[in-house]
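The values are calculated or read from the model by the stated rules, or taken from the named source; none is laboratory data. The structure displayed is predicted, hence computed values, not measured ones. In this analysis, Cβ positions are derived from the backbone assuming ideal geometry, glycine residues included, and neighbour counts consider all displayed protein chains. The protein model used for the area step is the full one, side chains on, heavy atoms only, and it has no ligands, DNA or RNA in it. Shrake-Rupley method; radii C 1.70, N 1.55, O 1.52, S 1.80 Å.
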Amino acid sequence: MTSCTLDPATGHLWLEQGGRRATLVPLWLRERSEAPDQMDLNSHQRTYDPTRLPADLRIVEASSDTAGVTLDFSDGHRCRFDLDWLAVEAGLAPDPAALPEPAAWTADTIVPPSASWSALEDSAATHGLLDGFFTSGFAILRDTPTDPDSLLAIARRFGPIRETNWGVLFNVRTEAQATDLAYTGLALTAHSDNPYRRAVPAIQFLHCLENGATGGDSTLADGIAIAAALKRDAPDAYEVLTRLPVSFRYRSADVDDRATAPMIALDADGRLRAIRLSTRLDFPPAAHPDVLELFFEGRRRLAAYAEDPAFQIRFKLAPGDCLMMDNHRTLHGRTAFAEDGTRFLQGCYIDYDGPECLYWLHARRRADGAGAIAA
């Protein structure tokens, strides 16, 4: 039950739910008005400049019932708010449309989220796949088309493709003059892609077209889980990896990319925001020897956790399988493969806002009882 009271002494609106209270000031409320003369209801953009509202704006009157509150402001505007909606906006109640919280996983606890490509015609199946992706940091699409470049249509189902110097799509197969170790048959330890960019690509797709070579299994490890293990086992090293600015570099005849960032980036609440682990491309600064000792210990432990069978899952992609993974969280690699068959994957990147927008749209359509969203 959500209730509200206007405090006559301050002019603030007190909003209460479940024993918790939020104090809402007049300007904060006034800017959230969705009255037709205040907001374009097609784009949900304000039709006025809120910086021109009176700085001393007051709530003149508040009348409420069990469902909502009607407010009259000193500038003459009147609007009504749903109390439960206000509780969500004020942080007193969980947002029913919020993205799923990431959940750390290990080899023993993870059930890889997956769905067949044809099933995504159903809105509930798409929403379920995205739910698994946001929770686990990866998902696998099965039975996708296996024509070269069909990844373009697959990835664009989830968002616009981000082009890099590797192209709109990049081919993962052996090359005589390889410009990256990915284009050899060598094993690749668990890593994040492109840590040398200021804006590291957010979501990576790897689409299997052929996989007849011996070896070449794909590997995944959860960055949240291995960062938590490092914090538990070596807290001082963990602290250094969250603070020490490391230089990540990639250079070739035509490219010179570099970025500086901590190996482990945290958000304001101390949760993992991004992990940059690519031990062939990282160069720490000439910091104090004690700091570097902890850095090298932390990096060594992270790399070891990511290869530990307790944390790592291993599987062979079949033609038509498409792996979608959060490149800021999920570390991927592969085992070495022989030249006794063809292994051909294509990859690309998209940004977070594509799948996030798709998730919210499906949630809204399902809540409204509408049908599926056109691709």
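Residue count for the range 235-264, restricted to those that are closer than 18 Å to Asp222 by Cα and touching a residue at least 60 places away in the same chain (Cβ under 8 Å): 2.
Selection over the range 248-267 of residues that are in a loop (DSSP other than H, G, I, E, B), aliphatic (A, V, I, L, M) and surrounded by 12 or more Cβ atoms within 10 Å (Cβ to Cβ) gives a count of 2.
Taking the listed residues Ala104, Ala182, Ala90, Ala153, the one that is under 21 Å from Phe315 (Cβ atoms) and modelled with pLDDT of 95 or more is Ala104, with no other qualifying. You will find that of Arg142, Arg197, Arg173, the residue that is touching a Gly at 6+ places or on another chain (Cβ under 8 Å), within 25 Å of Thr219 (Cβ to Cβ) and among the basic types (Lys, Arg) is Arg142 and no other. Within the set Leu331, Leu294, Leu361, the sole residue that is open to solvent by less than 40 Å² (accessible area, probe 1.4 Å) and of a type outside the set (S, T, N, Q) turns out to be Leu331. Candidates are the residues of the range 245-267 that are among the β-branched types (Val, Ile, Thr) and more than 21 Å from the chain's Cα centre (by Cα); the one that is nearest to Ile224 (Cα to Cα) is Val246.
Scanning the range 48-76 for residues that are of a type in the set (Gly, Ala, Ser) and farther than 19 Å from Leu86 by Cβ gives Ala55, Ser74, Gly76. Quick check: is even one residue across the range 202-219 over 16 Å from Glu339 (Cβ atoms) and open to solvent by 50 Å² or more (accessible area, probe 1.4 Å)? The answer is no; no qualifying residue exists.
Kindly evaluate Phe283 against the criterion of being open to solvent by 50 Å² or more (accessible area, probe 1.4 Å), without any contact (Cβ under 8 Å) to a residue 60 or more places away in the chain and aromatic (Phe, Trp, Tyr). Write out each step before concluding.
Numbers: open to solvent by 50 Å² or more (accessible area, probe 1.4 Å): yes; without any contact (Cβ under 8 Å) to a residue 60 or more places away in the chain: yes; aromatic (Phe, Trp, Tyr): yes.
Yes: the conditions hold for Phe283.
Of the residues making up the range 232-247, those that are out of contact with any Pro (no Cβ under 9 Å at 6 or more places or on another chain) and either among the acidic types (Asp, Glu) or surrounded by fewer than 18 Cβ atoms within 10 Å (Cβ to Cβ) (or both) are Arg232, Asp233, Pro235, Asp236, Glu239.
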